[in-house]
Amino acid sequence: MVCSTCEKKLGTVICPDTWKSGARNTTESGGRKINENKLLSKKKRFTPMAASCKICRAQLHQGGQYCQECSYKRGVCSMCGKQILDTKMYNQSTA
(Lines give C-alpha, C1' and ligand atoms only; values in the text may rest on other atoms or scores of the structure.)
Protein backbone atom coordinates (compact mmCIF):
# COMPACT_ATOMS: atom_id res chain seq x y z
CA MET A 1 0.00 0.00 0.00
CA VAL A 2 1.49 3.31 -1.09
CA CYS A 3 -0.07 6.75 -0.54
CA SER A 4 -0.65 9.20 -3.38
CA THR A 5 2.39 11.32 -2.55
CA CYS A 6 4.74 8.29 -2.51
CA GLU A 7 3.53 6.96 -5.89
CA LYS A 8 5.93 9.40 -7.57
CA LYS A 9 8.87 7.90 -5.64
CA LEU A 10 8.31 4.37 -6.94
CA GLY A 11 11.23 3.01 -8.95
CA THR A 12 11.28 2.54 -12.69
CA VAL A 13 12.72 -0.31 -14.72
CA ILE A 14 15.65 -0.04 -17.12
CA CYS A 15 13.74 -1.50 -20.09
CA PRO A 16 11.53 0.98 -21.98
CA ASP A 17 7.78 0.58 -21.63
CA THR A 18 5.91 -0.95 -24.56
CA TRP A 19 3.12 1.62 -24.25
CA LYS A 20 5.04 4.73 -25.30
CA SER A 21 2.49 7.54 -25.07
CA GLY A 22 2.42 7.41 -21.26
CA ALA A 23 5.89 6.01 -20.62
CA ARG A 24 8.41 7.84 -18.44
CA ASN A 25 11.51 6.05 -19.68
CA THR A 26 11.44 6.42 -23.48
CA THR A 27 13.82 8.48 -25.61
CA GLU A 28 11.01 10.65 -27.02
CA SER A 29 10.01 11.99 -23.61
CA GLY A 30 13.61 12.72 -22.65
CA GLY A 31 13.56 10.19 -19.85
CA ARG A 32 16.56 8.14 -20.99
CA LYS A 33 19.48 8.43 -23.40
CA ILE A 34 20.43 6.09 -26.22
CA ASN A 35 23.37 3.75 -25.49
CA GLU A 36 23.47 4.82 -21.87
CA ASN A 37 25.14 2.58 -19.33
CA LYS A 38 22.79 2.51 -16.34
CA LEU A 39 25.50 1.41 -13.91
CA LEU A 40 27.75 4.36 -14.71
CA SER A 41 25.12 7.05 -15.23
CA LYS A 42 23.51 6.89 -11.79
CA LYS A 43 25.12 8.71 -8.91
CA LYS A 44 23.61 6.46 -6.25
CA ARG A 45 24.42 2.78 -6.66
CA PHE A 46 21.54 0.32 -6.53
CA THR A 47 21.79 -1.90 -3.48
CA PRO A 48 19.06 -4.52 -3.60
CA MET A 49 17.63 -5.76 -0.32
CA ALA A 50 19.32 -2.95 1.63
CA ALA A 51 16.25 -1.80 3.54
CA SER A 52 14.32 -3.91 6.01
CA CYS A 53 10.83 -3.71 7.52
CA LYS A 54 10.58 -1.96 10.90
CA ILE A 55 8.21 -4.56 12.31
CA CYS A 56 9.16 -8.00 11.00
CA ARG A 57 12.69 -7.21 9.70
CA ALA A 58 11.90 -8.65 6.26
CA GLN A 59 14.08 -7.41 3.39
CA LEU A 60 12.44 -4.75 1.18
CA HIS A 61 12.99 -4.73 -2.58
CA GLN A 62 12.30 -0.99 -2.84
CA GLY A 63 13.01 1.85 -0.45
CA GLY A 64 10.55 2.17 2.38
CA GLN A 65 9.80 1.44 6.00
CA TYR A 66 7.32 -1.45 6.03
CA CYS A 67 6.87 -4.63 3.98
CA GLN A 68 3.66 -5.13 2.02
CA GLU A 69 2.15 -7.50 4.58
CA CYS A 70 2.81 -5.29 7.62
CA SER A 71 1.66 -2.12 5.86
CA TYR A 72 -1.62 -3.77 4.85
CA LYS A 73 -2.25 -5.11 8.36
CA ARG A 74 -1.78 -1.68 9.91
CA GLY A 75 -3.26 0.33 7.01
CA VAL A 76 -0.19 2.51 6.57
CA CYS A 77 1.87 3.59 3.55
CA SER A 78 4.80 1.22 3.08
CA MET A 79 7.18 4.04 2.13
CA CYS A 80 6.42 6.89 4.55
CA GLY A 81 4.30 5.23 7.25
CA LYS A 82 1.34 7.62 6.93
CA GLN A 83 -2.06 6.18 7.93
CA ILE A 84 -4.09 5.42 4.77
CA LEU A 85 -6.74 2.92 5.78
CA ASP A 86 -8.76 2.44 8.95
CA THR A 87 -8.44 -1.26 9.78
CA LYS A 88 -10.28 -1.16 13.12
CA MET A 89 -13.34 -3.06 11.86
CA TYR A 90 -11.37 -5.44 9.60
CA ASN A 91 -11.29 -9.15 10.48
CA GLN A 92 -7.60 -9.89 10.00
CA SER A 93 -5.58 -12.79 11.32
CA THR A 94 -2.77 -12.13 13.77
CA ALA A 95 -0.36 -14.55 12.08
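The values are calculated or read from the model by the stated rules, or taken from the named source; none is laboratory data. Because the structure is predicted, anything quoted here is derived from the model rather than measured. Because the Cβ atoms are built from the backbone with ideal geometry, glycine has one as well, and the counts that use them run over all protein chains shown. Heavy atoms of the whole protein, side chains included, go into the accessibility calculation; ligands, DNA and RNA do not. Shrake-Rupley method; radii C 1.70, N 1.55, O 1.52, S 1.80 Å.
A few remarks follow.
- Amide hydrogen proximity for residue 52: with H placed 1.01 Å from N in the peptide plane, the residues at 5 or more positions away or on another chain lying under 5 Å are 60.
- Estimated from the Cβ-Cβ distance and a Förster radius of 22 angstrom, the FRET efficiency linking residue 1 and residue 57 is about 0.70.
- When 87, 5 are compared by accessible area of protein heavy atoms, the largest-first order is 5, 87, using a 1.4 Å probe.
- In range of the label at residue 90: residues from segment 49-75 whose backbone nitrogen is under 11 Å from the point 7 Å along Cα→Cβ: 69-75
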